[in-house]
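*Asks:* Dropping the structure in here first, questions after.
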Amino acid sequence: MLKKIISLTFLLTFYAQAFDFNLKPVKLSDELYCFFGKLEVPSEENAGNMSNSCYVKGNNSYVVVDTGSNYEFAKQTYEAMSKIAKLPVEAVIVSHEHDDHFLGNGFFKDIFNAKIIGPSTFNDKYNSNSKTRMMSLLSEDIMNKTRVVPVDVKISEETTMTISGKEFTFIPLGFKAHSAQDLVIYLEKEKILFAADVIMNGRLNSTRDGSVIGMLKAVDLVKSKDWKILVPGHGFDTSETAPNETEQYYSLIKQRVMKAVEDDVGAAEVSNIVLMEEFKDMPFYDVFNKRNVFDAYSELEFYDGE
Ligand SMILES: [Zn+2]
């Protein structure tokens, strides 16, 4: 009996199922399919599925924009996409250096030797041995095979590239907005814009590594382009209203924090005074708002622009 139990346990461990992400691609246009991540912090329950990952279908291959938090997630997005069209993945684009957006890259490197295109600063921050926050946060089971893959093609200036018959324009912001270097990706002909985490909706953003003034500049840039579909880094709204919450949040934070500076509110008190109450029911409000207000204060204390 004991022997039976032992061998059964062994079998069950051996055949332990990978986490099932239960992924369904959403078709946004003839060439664009997206997997929308949950508006939650990464956890064992969502296995890090909390950012958007999209496939652009070209003439004879796919281009993937952001690959999520781990290898297994990327693998399952591809399994779902191959039911639509079994094409190879020629290139992967990294929108910015936060690890919920690029830790699936290893899958596409291993299976397709995909070209990884990303911000020019990416390889200064990471190499193939880097251990990121997500790797320590989620279990080894979930993060199995996950690794950082350095960028092959570094984008340091606005660049247009044709991949599988589609023209991609890469616009590195050149200033801090959500992160040190955010890459906006624009398909002018198809009127599709990927906004990186410069735009989120349905949840609060973080400017821990960014800037309020930069975010507002970035929103202006995004709004100046002619798009029909805007893919936010997180959030489900891809319509013309997609940038509104981000714009509203950062305009108000700027206005209110500058008023607090004028009123001689100290850095220690500012997060208790500027509450941004309009956003208090949103996911991530409790995680990020106080910090965003505090950081905005440091940034705006001696700001003398408009
Ligand atoms: Zn993100």
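Just so it is clear, none of the values below were taken in a lab; they were calculated from the coordinates. Just so you know, these numbers come straight off a predicted model, no measurement behind them. Cβ atoms come from the backbone with ideal geometry, glycine included; neighbour counts cover every protein chain shown.
*Asks:* Kindly provide the set of residues from the range 265-303 that are of a type in the set (D, E, K, R) and either more than 24 Å from residue 176 (Cβ to Cβ) or exposed (fewer than 14 other Cβ atoms within 10 Å of the Cβ) (or both), ordered by number.
*Replies:* 269, 277, 278, 280, 281, 286, 291, 301
*Asks:* Exactly one of these conditions fails for residue 110: (1) over 26 Å from residue 178 (Cα atoms); (2) within 17 Å of the chain's Cα centre (by Cα). Give me its number.
*Replies:* Residue 110 satisfies all of (1) over 26 Å from residue 178 (Cα atoms); (2) within 17 Å of the chain's Cα centre (by Cα) except (2).
*Asks:* Taking the range 235-279 on its own, how many of its residues are closer than 12 Å to residue 296 by Cα and among the hydrophobic types (A, V, I, L, M, F, W, C)?
*Replies:* 9
*Asks:* Right, next: List pairs: first residue in the range 272-295 and at negative phi and part of a helix (DSSP H, G or I), second residue basic (Lys, Arg) and surrounded by fewer than 16 Cβ atoms within 10 Å (Cβ to Cβ) anywhere in the structure, Cβ distance under 8 angstrom, at least six positions apart or on different chains.
*Replies:* 288/208; 289/280; 291/208; 292/208; 295/208
*Asks:* Of the numbered conditions (1) within 13 Å of the ligand (Cβ to nearest atom); (2) farther than 25 Å from residue 154 by Cβ, residue 212 satisfies every one except a single condition; which is it?
*Replies:* Condition not satisfied by residue 212: (1).
*Asks:* Pull up the range 42-76, narrow it to residues that are within 16 Å of the ligand (Cβ to nearest atom) and part of a helix (DSSP H, G or I), then point me to the one that is farthest from residue 150 (Cα to Cα).
*Replies:* It comes out as 73.
*Asks:* So which of 252, 221 ends up being free of Cβ contacts under 8 Å to residues at least 40 places away in the same chain and either surrounded by fewer than 13 Cβ atoms within 10 Å (Cβ to Cβ) or part of a helix (DSSP H, G or I) (or both)?
*Replies:* The conditions single out 252.
*Asks:* When you go through 241, 146 one by one, which is the residue that is away from the ligand (no atom under 16 Å from the Cβ), part of a loop (DSSP other than H, G, I, E, B), buried (at least 22 other Cβ atoms within 10 Å of the Cβ) and among the polar types (S, T, N, Q)?
*Replies:* 146
*Asks:* Another question, then. Checking residue 236 against (1) within 15 Å of the ligand (Cβ to nearest atom); (2) of a type outside the set (Ser, Thr, Tyr); (3) farther than 21 Å from residue 27 by Cβ, only one condition comes out false. Which one?
*Replies:* Only one criterion in (1) within 15 Å of the ligand (Cβ to nearest atom); (2) of a type outside the set (Ser, Thr, Tyr); (3) farther than 21 Å from residue 27 by Cβ is unmet by residue 236, namely (3).
*Asks:* Also, quick follow-up: Out of (1) touching a residue at least 40 places away in the same chain (Cβ under 8 Å); (2) assigned to a strand (DSSP E or B); (3) surrounded by fewer than 23 Cβ atoms within 10 Å (Cβ to Cβ); (4) among the β-branched types (Val, Ile, Thr), the odd one out for residue 117 is which?
*Replies:* (3) is the only condition that residue 117 fails.
*Asks:* Could you count how many residues in the range 171-194 are touching a residue at least 60 places away in the same chain (Cβ under 8 Å) and either over 30 Å from residue 280 (Cα atoms) or in a loop (DSSP other than H, G, I, E, B) (or both)?
*Replies:* Total satisfying the criteria: 9.
*Asks:* Okay, moving on. Please indicate, with yes or no, whether at least one residue in the range 94-109 is free of Cβ contacts under 8 Å to residues at least 40 places away in the same chain, away from the ligand (no atom under 16 Å from the Cβ) and surrounded by 15 or more Cβ atoms within 10 Å (Cβ to Cβ).
*Replies:* Looking for residues that are free of Cβ contacts under 8 Å to residues at least 40 places away in the same chain, away from the ligand (no atom under 16 Å from the Cβ) and surrounded by 15 or more Cβ atoms within 10 Å (Cβ to Cβ), one finds none in the range 94-109, hence no.
*Asks:* Which condition from (1) of a type outside the set (Phe, Trp, Tyr); (2) within 16 Å of the ligand (Cβ to nearest atom); (3) under 17 Å from the mean Cα position of the chain (by Cα) is the one that residue 138 breaks?
*Replies:* With (1) of a type outside the set (Phe, Trp, Tyr); (2) within 16 Å of the ligand (Cβ to nearest atom); (3) under 17 Å from the mean Cα position of the chain (by Cα) applied to residue 138, the lone miss is (3).
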